[in-house]
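J.: Take this structure first; my questions come after.
The values are calculated or read from the model by the stated rules, or taken from the named source; none is laboratory data. Remember, it's a predicted structure, so these values are computed and weren't measured experimentally. Note that each Cβ is placed from the backbone with ideal geometry, even for glycine, and that neighbours are counted across all protein chains shown.
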Amino acid sequence: MRTVLTDIGGVVLLPNPELWAELRRRGAPDNVEEICFGPGSPWELSRVGSLSYRDYVRTVAVQTGIDPRSLGSMLESSQWTVNGPMVEWLKSVRTLGVKVVAVSNADFTLNRNLAKNRLMPLFDAIVNSSCVGIAKPDPGIYEIALNRAACPPTECLFIDDKERNIPPAHALGILTLVYRDYATFATEVAGFFS
């Protein structure tokens, strides 16, 4: 195994349930998560760079009734928590000479969030859907990641928490693994690095 391609949200950074509870306390509707990131939400445009992050926040603010400044600040500061065990695992594979490439459906704040959490040095490259204009599960984003990794698909492992993102990577010949929780992941990934 020469390269690990990994999702960020749901794998390296975990969702913070407190954010949604706080937004509801501030008057957002019960379906605030769906408004922010569900099917048909402005996130679908933001994650491919067709809607600026600022306009995304403004649109969602109108739909949730939350002040745009407060909403933007809360999304940036409280949306994620670092998945410590996963970060340590990625550091350990890097010591083996394995490249680590992020492949994330994200907006333009991704690098800022990674830097804030001191995670930028973890990655040899970052493929951010909002920067490349295509999002998982489009096969094109995996092809970009393979190109940046300069690695054949059969020597790459792709990790993602969403099942729907796995088949297109697998079809390209990339080894794949769905991330559910760290304990399960640690057991399943052992077979790839033994």
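J.: Give all pairs with beta carbons closer than 9 Å in which a residue from the range 138-161 that is touching a residue at least 24 places away in the same chain (Cβ under 8 Å) meets a residue that is in a strand (DSSP E or B) and small (Gly, Ala, Ser); count only pairs at least 6 apart in sequence or on separate chains.
T.: 145/102; 145/125; 148/125; 149/125; 161/9
J.: Just name the residue that is nearest to the chain's Cα centre (by Cα) out of those in the range 132-155 that are crowded, with 19+ Cβ neighbours inside 10 Å and of a type in the set (Gly, Ala, Ser).
T.: Per the criteria, the residue is 135.
J.: Another one. Taking into account only those residues within the range 24-81 that are over 20 Å from the mean Cα position of the chain (by Cα), buried (at least 18 other Cβ atoms within 10 Å of the Cβ) and among the hydroxyl-bearing types (Ser, Thr, Tyr), which is farthest from residue 136 (Cα to Cα)?
T.: Restricting to residues being over 20 Å from the mean Cα position of the chain (by Cα), buried (at least 18 other Cβ atoms within 10 Å of the Cβ) and among the hydroxyl-bearing types (Ser, Thr, Tyr), the top hit is 64.
J.: Within the range 98-106, is even one residue outside any loop (DSSP other than H, G, I, E, B), without any contact (Cβ under 8 Å) to a residue 12 or more places away in the chain and either assigned by TED's automatic domain parsing to the domain that holds residue 23 or of a type outside the set (Ser, Thr, Tyr) (or both)?
T.: no
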